[in-house]
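The values are calculated or read from the model by the stated rules, or taken from the named source; none is laboratory data. Being a predicted model, the structure only gives us computed values, none of them experimental. Cβ atoms come from the backbone with ideal geometry, glycine included; neighbour counts cover every protein chain shown.
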Number of protein chains: 2
Amino acid sequence: MTDELDVDRLTTVIEDFNTIFIRLPSVRRFNFSTLSVLHTLGRRGPLRLTDLLATEQLKQPALTSLVAKLEQDGLIQRRPDPTDGRAMLLSLTRTGREIVRSRHANRVKRLTDLVDQLTPVERAVLAGSVHVLTRLTEIAAEDRQ
Amino acid sequence: MTDELDVDRLTTVIEDFNTIFIRLPSVRRFNFSTLSVLHTLGRRGPLRLTDLLATEQLKQPALTSLVAKLEQDGLIQRRPDPTDGRAMLLSLTRTGREIVRSRHANRVKRLTDLVDQLTPVERAVLAGSVHVLTRLTEIAAEDRQ
DNA sequence: AAGACTTACATCGATTTTTGATATTGTTGC
DNA sequence: GCAACAATATCAAAAATCGATGTAAGTCTT
């Protein structure tokens, strides 16, 4: 009831919200690792395998073989890094982007359905928090370095 | 700059925030499925295998074998459901609860570090949004049924 | 500019996880 | 008490992941 921020409670509600937000019926059945790789490549553009590795919860051989499979399936492209003959630059193909976009669209749809059930005041509060969540994410990204 | 809620942008920022929020250095190396099962059992108390199955992204045989391993490792308990001779009630042991609690504590710590870098106004906005996020999660839970 | 070292990614065999098909046992409605 | 159904277990096969190690390109030292 105070306007003090209770981080423990915030953490809990994010955890709970995520159990709903994350679990999408993945149209084709990609596993978690695959979806994460596609999402990361979608966000952070072309990446070297090693840089991609840093954000994924996989060891390098597993990522190499996953990437090989995704290339075969036409979801990602591999091209040699022009600045380093050892490295490969990975990026999404049109098809790969389409999958990421489609999952994002599903989330937007579901969240829209939920948000529609909020009161106008609650929606306004949520609208106001978007920029704070953005700031939080930026800070987290800075801290990572 | 308006106070209209842009759900697409909200979705994006949640996606991005989660890539930071989710990725914890899991102390013992539990995989995603294991952590999800522990978290769900921690939240929703004793559950039958089938009910647990509904929230996890696994087929039933995989869950049965995961649960068997977790029981052997002393993280969960299995007891027959007194109301249904076919069913098993699953719950966390003290050790299992400790793992869930410890991961939660890590998240609280990390989020606290981030929140400390916000301005007081930003923190207040976040505090105000906690109850809306809670509402949103409740609505989502209702819709699930 | 040659050798030593390091870095980026690939390969390989072993292990773990997950799956589909099916079995087993208990429950429910008639 | 029998047929249909439901909850979980079993099992063999497929898929995912890992640790160890290989190969080749870059960097550093002298």
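Computed quantities for the displayed model
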read-out	value
Failed condition for A:ASP16, given (1) modelled with pLDDT under 95; (2) more than 19 Å from the chain's Cα centre (by Cα); (3) among the acidic types (Asp, Glu)	(2)
Matching option when the condition is surrounded by fewer than 16 Cβ atoms within 10 Å (Cβ to Cβ) and within 13 Å of DNA strand C (Cβ to nearest atom), among B:ALA54, B:ALA68	B:ALA68
Number of the exception - A:LEU114 against (1) surrounded by 15 or more Cβ atoms within 10 Å (Cβ to Cβ); (2) within 23 Å of A:ASP51 (Cα to Cα); (3) of a type outside the set (D, E, K, R)	(2)
Residue identified as within 16 Å of DNA strand C (Cβ to nearest atom), more than 30 Å from B:ASP113 (Cβ to Cβ) and either among the β-branched types (Val, Ile, Thr) or surrounded by 12 or more Cβ atoms within 10 Å (Cβ to Cβ) (or both) among A:ASP84, A:ASP73	A:ASP73
Test: residue in the range A:133-145 that is over 22 Å from B:ARG123 (Cα atoms), among the basic types (Lys, Arg) and more than 7 Å from chain B (Cβ to nearest Cβ)	no
Members of the range A:24-40 that are free of Cβ contacts under 8 Å to residues at least 60 places away in the same chain and in contact with a helix residue (DSSP H, G or I) (Cβ under 7 Å, 6 or more places away or on another chain)	A:PHE32, A:SER33, A:THR34, A:VAL37, A:THR40
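Residue-by-condition table, conditions (1) in contact (Cβ under 8 Å) with a residue 24 or more places away in the chain; (2) touching a strand residue (DSSP E or B) at 6+ places or on another chain (Cβ under 9 Å):
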residue: A:VAL67; (1), (2): yes, yes
residue: A:THR93; (1), (2): no, yes
residue: A:LYS109; (1), (2): no, no
residue: A:THR119; (1), (2): no, no
